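Report on the following structure.
The values are calculated or read from the model by the stated rules, or taken from the named source; none is laboratory data. Owing to the predicted nature of the structure, the values given are computational and were not obtained by experimental measurement. Every residue, glycine among them, receives a Cβ derived from its backbone with ideal geometry; neighbour counts consider all protein chains shown.
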Amino acid sequence: MSVNGILEEILRAAAEADASDVLLTVGASPRMRVQGRLTEMDFPRIQSADTLDVLVGILDDAQRQRFEERGEYDMALSVTEEIRCRVNAYKQRGNVSFAFRLITSRVPSLEQLGAPETVRRLAGLKSGLVLVTGPVGSGKTTTLAALVDQINKTREAHVITLESPIEYLHAHERSLVDQREIGLDSGSYGQALRAALREDPDVVMVGELGDGDTVCAALDAAEAGCLVFTAVAASGADGALNYLLNRFPAVQQGQIRGRLANVLQTIVVQRMAARADGDRGLSYEVFPVTEAARKSLKGIRAGADGPKQSV
């Protein structure tokens, strides 16, 4: 059996176990994460040659060049029709390691995720900025995909998604959904966001706001009348706002607060939590931005401990 065949076998076993992630590291057996717990899989220890062969098997020459330059590389991988993964290849101690995030082939609905009606109604907004926030691994990408899916099924709209990498694939239904992968279809989130304003969008979904340029581009899109959804890795609403403000020097933060106050519609905070049946599911808190909250937002002072007022 080839190494790629072994990789497929490992990922199939993980999918059958309903695992969320698979880790391949030299010197250890493959591990999978099921319901938040990391467990050893019944496969031999990974050797250095194994991960090098996987690297050659799933990355083309240009991707391997970027991997060598950066020391890590993100991509999406379709293993079978049923198994799709987000892959992070990275170097550690001179070897190559992999983290695979398993993605279901079908986009789950907001109802299947257990999202409350206040979250489902966000798909009907016509403009503004919606932040989906939570810790790493809390399912923000899945919630964003479910919002896009609901718009796709219920509205005539042009939806542009900007992702790195593309995880869930959307067929065109009532909406036209164009999915652009950063690094492949565009050079950066900021560049792709600015280009999106010339592509007649109704809705733009942005995978992340990693720097001030991207934050400004997202605000530009919302101010131009687009509905912008994006994810922020933070523990709560205050943390999300603090993250955005701290993409800028202090002298610019007042201006950014004002722009946020004008376009921010809602902050959705989500976490993985244990359910009564012992499984894990998403819990949601929804913070709609009222007029009072907009006035409060304009007075937020960012700092290492987060904003001093909450919306």
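To keep it simple, each residue is scored yes or no on (1) among the small types (Gly, Ala, Ser); (2) modelled with pLDDT of 95 or more; (3) touching a strand residue (DSSP E or B) at 6+ places or on another chain (Cβ under 6 Å); (4) not assigned by TED's automatic domain parsing to the domain that holds residue 122.
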| site | (1), (2), (3), (4) |
| --- | --- |
| 175 | yes, yes, yes, no |
| 186 | yes, no, yes, no |
| 204 | no, yes, yes, no |
| 210 | yes, no, no, no |
| 216 | no, yes, no, no |
| 231 | yes, yes, yes, no |
| 234 | yes, no, yes, no |
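Collect the residues in segment 37-54 that are among the hydrophobic types (A, V, I, L, M, F, W, C) and in contact with a Phe, Trp or Tyr (Cβ under 7 Å, 6 or more places away or on another chain), keeping them in residue-number order.
Keep residues of segment 37-54 that are among the hydrophobic types (A, V, I, L, M, F, W, C), which gives 38, 41, 43, 46, 49, 52, 54.
Result: 54, single match.
Hey, does segment 53-64 have a residue that's at positive phi and out of contact with any Pro (no Cβ under 9 Å at 6 or more places or on another chain)?
Among the residues of segment 53-64, not one is at positive phi and out of contact with any Pro (no Cβ under 9 Å at 6 or more places or on another chain), which makes the answer no.
Could you give every pair whose Cβ atoms fall below 9 Å, whose first residue belongs to segment 13-34 and is touching a residue at least 12 places away in the same chain (Cβ under 8 Å) and surrounded by fewer than 17 Cβ atoms within 10 Å (Cβ to Cβ), and whose second residue is assigned to a loop (DSSP other than H, G, I, E, B) and among the small types (Gly, Ala, Ser), counting only separations of at least 6 or pairs across chains?
13/19; 34/17; 34/19; 34/20
When segment 78-100 is examined, which residues are found to be more than 21 Å from residue 48 (Cα to Cα) and either within 21 Å of the chain's Cα centre (by Cα) or buried (at least 19 other Cβ atoms within 10 Å of the Cβ) (or both)?
Correct list: 78, 79, 82, 83, 84, 85, 86.
Pairs under 7 Å by beta carbon, first residue charged (D, E, K, R) in segment 108-132, partner outside any helix (DSSP H, G or I), six or more apart or different chains?
Every condition considered, the pairs that remain are 126/227.
If we keep just the residues of segment 136-165 that are more than 13 Å from the chain's Cα centre (by Cα) and of a type in the set (D, E, K, R), which is nearest to residue 112 (Cα to Cα)?
Residue satisfying both the conditions and the ranking: 149.
Within segment 138-148, does at least one residue satisfy the condition of being surrounded by fewer than 18 Cβ atoms within 10 Å (Cβ to Cβ) and assigned by TED's automatic domain parsing to the domain that holds residue 283?
no
I'm trying to understand the selection: among the residues of segment 69-93, which are at pLDDT 90 or above and more than 24 Å from residue 208 (Cα to Cα)?
92, 93
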